[in-house]
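The values are calculated or read from the model by the stated rules, or taken from the named source; none is laboratory data. This is a predicted model, so every value here is computed, not measured. Cβ: placed from backbone, ideal geometry, glycine included. Neighbour counts: every protein chain shown. Just so you know, the surface numbers come from the protein's heavy atoms only, side chains and all, with ligands and any DNA or RNA stripped out. Shrake-Rupley method; radii C 1.70, N 1.55, O 1.52, S 1.80 Å.
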Amino acid sequence: MKIRVVMMSLLALATVAGLTAFSPVDPQVTNTLVTNTQATNTQATEAYKVDPVHTTAIFRIKHLGVTYFYGRFNETTGSFTLNTENPCEMSFDVQIKTQSVDTNAANRNNHLKSPDFFNAKQFPTISFKSKSVQSSGENTYTVAGDLTLHGVTKPITVQMEFVGQGDKGQRFGYRAGFDVTFTIKRSDFGMNYMQGMLGDEVTIMVGLEGVRQ
Amino acid sequence: MLNTIVLPVVVPMLICGAVLIIAWRLRDRGRLIRATALGLGYLSCQIIVDGWPAFPPHETWQWLFALVVGAMVIGGIDAVGRRPLILRVIGAAVLAGMSGWLIVLANQEHLWMHRTTVAALLLLWLVTMHPITSRSRGASVSLPLCVAFVGVSLVLVLSGNAKLAQLAGGAAACLGAATLVAWWRAEAGLGCESIAVAGVLTIGLAYSGYSLSFSGVPAWAYLVAVAAGLAVWVGALPQSRKSAGWKAVTLTTLITLAISGIAVARAYIAWRADSANDPYF
């Protein structure tokens, strides 16, 4: 009787062991799959919404040929997508409100918003929409796209630096950011007024911060 | 300095003055040419300030170039023959309607109210100014209008529209040249054939300045600056007509100056309010 019980127990153990051995759900395999899926998600193209509070757009222009004068735009909106493994999947779509131009002088702001410069009532936004993104080094990307300023759209190519990304907790969420500096000629966009007094070349610097959606 | 002030003032002045003198030399055959004096002077100013115009224009205010050409055509038709009143009113209505349509921003809030206001103001200008200017001689039109345009120019510059102010200044320079020519030869001065150009410019520039500006200058200041030009009517009053020509012109000009002064003073107050710690301009 004892022998029968022992034999039955061994048979049951063997059956369980056999079933476990041939089970399609191997815990180790499952763990590996989960890790791979997470890695794939990191590489997937992620959408970010521009955080207007932590995004900065400033510009500089030569004044009277003696110094650079700086100003900023206080309202920047837009979105971008991020895929560091596959940059051609990345895109940028950024808008700046021209009437948010701020040079720390109310009358000069009014002048800049007038038809002499931005004509902010008729052309309320400056926009950049990327067409292609290519990696050009460690954390740098060559971004080609259309810049629309003063109602004139021109293709430009800029070098963007990928500054960083990370989960910044519940308050800030997952964030990523870029920095870009590029120079345009305002006359190319039909902004010719006060040439000489003000330079033709305008350097625009944008620190772009986005929150993952 | 040369490009900002001297050229946009001197060149239009010379062109307007030269055209008026040529028209005077041609006597009756020169009436059509005289109709183009103010318009050609202004067009030269816009080219100097803003470059050769594109068609269609990129910005709404740039339509003034084409509208001035249209106003010159209407003035020319006025100059070469007497048209029935109804045709004159239709011509004025078409010009006013086109002005309201073209210089008002398509994305303007209360779009039709703006368009109607611009068209109605221009129509009012043309209908009221034509009878008086058709009877006037010498500097009785050009001098008060010159003062009114200087007022419009000052209001525009104080509201942060330097380019539009330059254009109004160019028109004022043309009218200044016309005044000098009229003092030299009374019959060589501007007449009714230039009133359409003056109307398109004063209302077009003031409206563009108002609608495209971000300054605190209120709408009524622009309106008063435009209305100053209507003081030309003072010269047509019976009391003025009885007095000597120079007295009537002086009185009209002083009234224009006073009305313009109200507009400029209001614009200056707004400019001061925005420049507490700001030495801009």
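Residue A:195 fulfils the conditions (1) free of Cβ contacts under 8 Å to residues at least 12 places away in the same chain; (2) in contact with a Pro (Cβ under 9 Å, 6 or more places away or on another chain) except for a single criterion, (2). On the basis of being loosely packed, with under 15 Cβ neighbours inside 10 Å, at pLDDT below 95 and hydrophobic (A, V, I, L, M, F, W, C), does residue A:197 make the cut? Considered against the rule, which asks whether it is loosely packed, with under 15 Cβ neighbours inside 10 Å, at pLDDT below 95 and hydrophobic (A, V, I, L, M, F, W, C), residue A:197 comes out as yes. Taking residue B:43, is it touching a residue at least 40 places away in the same chain (Cβ under 8 Å), more than 14 Å from chain A (Cβ to nearest Cβ) and either touching a strand residue (DSSP E or B) at 6+ places or on another chain (Cβ under 8 Å) or closer than 26 Å to residue A:150 by Cα (or both)? No.
For residue B:168, state whether it is assigned to a helix (DSSP H, G or I), open to solvent by less than 10 Å² (accessible area, probe 1.4 Å) and within 14 Å of chain A (Cβ to nearest Cβ).
yes
Does residue B:137 satisfy being of a type in the set (Lys, Arg) and assigned to a helix (DSSP H, G or I)? Spelling it out, it is not the case that residue B:137 is of a type in the set (Lys, Arg) and assigned to a helix (DSSP H, G or I). When residue A:199 is tested against (1) within 19 Å of residue A:68 (Cβ to Cβ); (2) in a strand (DSSP E or B); (3) within 14 Å of chain B (Cβ to nearest Cβ), just one condition goes unmet, and that condition is (3). Of everything in region A:144-182, what is open to solvent by 50 Å² or more (accessible area, probe 1.4 Å) and within 24 Å of residue A:53 (Cα to Cα)? Give them in sequence order. Within region A:144-182, A:159, A:161, A:163, A:165, A:167, A:168, A:170, A:171, A:172, A:174, A:179, A:181 meet the criteria. When you go through B:197, B:226 one by one, which is the residue that is open to solvent by 10 Å² or more (accessible area, probe 1.4 Å), at pLDDT 90 or above, β-branched (Val, Ile, Thr) and not in a loop (DSSP other than H, G, I, E, B)? The conditions single out B:226.
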